[in-house]
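Novice: Pasting a structure here, questions to come.
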Amino acid sequence: MSASPIFTYSFTIPESVIDENGHVNNVVYVQWMQDVAIRHAEALTDYTPAENTTWYAREHRIVYLLPAFLGEEIEVRTWISEIKRVRAHRRYEFLRKSDGKVVVKGETDWIYVEAKTGRPIAIPADALKLFPVLPDSDQANADLRLPSD
């Protein structure tokens, strides 16, 4: 059975990520993007990366829409919007649960590589089957794109 294309994860903002401006430090979102991508893979109980392979982040893009503050509950949504031979394009949306507002949108190009050399290799067919794609062209996905898309 195929998994849902959108994976969600919720958490409460801890004090350790609050910066001198009193809100979540911008760089923390990159860590959270990586964390939720890993959680998504772990949620697919059938997914086991091939031996000596891993994913490298090639590029991150983030748009900060609203600040988020200590103690707020955040829901992160992530999905794969495109898969090519060695690359998966993942999108993220951070929502404040109290009012449903999107505070941050992001995306990452992940490259599948041979771990020892860092050389890109083809994503195995069994892995491709586990990660459903929600293409950017889907109307249902239109409101999830970055503002400049």
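The values are calculated or read from the model by the stated rules, or taken from the named source; none is laboratory data. Remember, predicted model here, so these are calculated numbers, not experimental data. Using ideal geometry, Cβ is built from the backbone for each residue, glycine included, and neighbour counts are taken over all protein chains shown.
Novice: List every residue pair whose Cβ atoms lie under 6 Å apart, where the two residues are 6 or more positions apart in sequence or sit on different chains, the first residue falls within the range 85-112 and is of a type in the set (Gly, Ala, Ser), and the second residue, located anywhere, is surrounded by fewer than 19 Cβ atoms within 10 Å (Cβ to Cβ).
Specialist: Close Cβ pairs (under 6 Å, with a partner that is surrounded by fewer than 19 Cβ atoms within 10 Å (Cβ to Cβ)) amount to GLY106/ILE62.
Novice: Among the numbered criteria (1) of a type in the set (Gly, Ala, Ser); (2) touching an Asp or Glu at 6+ places or on another chain (Cβ under 8 Å); (3) surrounded by fewer than 20 Cβ atoms within 10 Å (Cβ to Cβ); (4) closer than 22 Å to PRO5 by Cβ, which one does SER98 miss?
Specialist: (4)
Novice: Moving to a separate point now. Looking for something crowded, with 19+ Cβ neighbours inside 10 Å and in contact with a helix residue (DSSP H, G or I) (Cβ under 6 Å, 6 or more places away or on another chain) - is there at least one such residue anywhere in the range 67-81?
Specialist: Looking through the range 67-81, at least one residue is crowded, with 19+ Cβ neighbours inside 10 Å and in contact with a helix residue (DSSP H, G or I) (Cβ under 6 Å, 6 or more places away or on another chain).
Novice: Can you pull out the residues in the range 1-50 that are exposed (fewer than 13 other Cβ atoms within 10 Å of the Cβ), of a type outside the set (S, T, N, Q) and more than 16 Å from the chain's Cα centre (by Cα)?
Specialist: MET1, PRO14, GLU15, ASP19, GLU20, GLY22, ASP46
Novice: Counting only residues that are touching a residue at least 60 places away in the same chain (Cβ under 8 Å), out of contact with any Leu (no Cβ under 6 Å at 6 or more places or on another chain) and not in a loop (DSSP other than H, G, I, E, B), how many does the range 54-80 have?
Specialist: 9
Novice: Right, another one. Restricting to the range 1-41, name every residue that is aliphatic (A, V, I, L, M) and not in a helix (DSSP H, G or I). I'd like the intermediate steps shown before the answer.
Specialist: Residues of the range 1-41 aliphatic (A, V, I, L, M): 1, 3, 6, 13, 17-18, 24, 27-28, 30, 33, 36-38, 41.
The answer is MET1, ALA3, ILE6, ILE13, ILE18, VAL24, VAL27.
Novice: Scanning the range 120-146 for residues that are small (Gly, Ala, Ser), exposed (fewer than 13 other Cβ atoms within 10 Å of the Cβ) and farther than 19 Å from PHE94 by Cα, which turns out modelled with the lowest pLDDT?
Specialist: Step one: list which residues in the range 120-146 are small (Gly, Ala, Ser), which gives 122, 125, 127, 137, 140, 142.
From what is left, the residues that are exposed (fewer than 13 other Cβ atoms within 10 Å of the Cβ) are 122, 125, 137, 140, 142.
Narrowing the set further to residues that are farther than 19 Å from PHE94 by Cα leaves 122, 125, 137.
On the way: ALA122: 96, ALA125: 89, SER137: 71.
Result: SER137.
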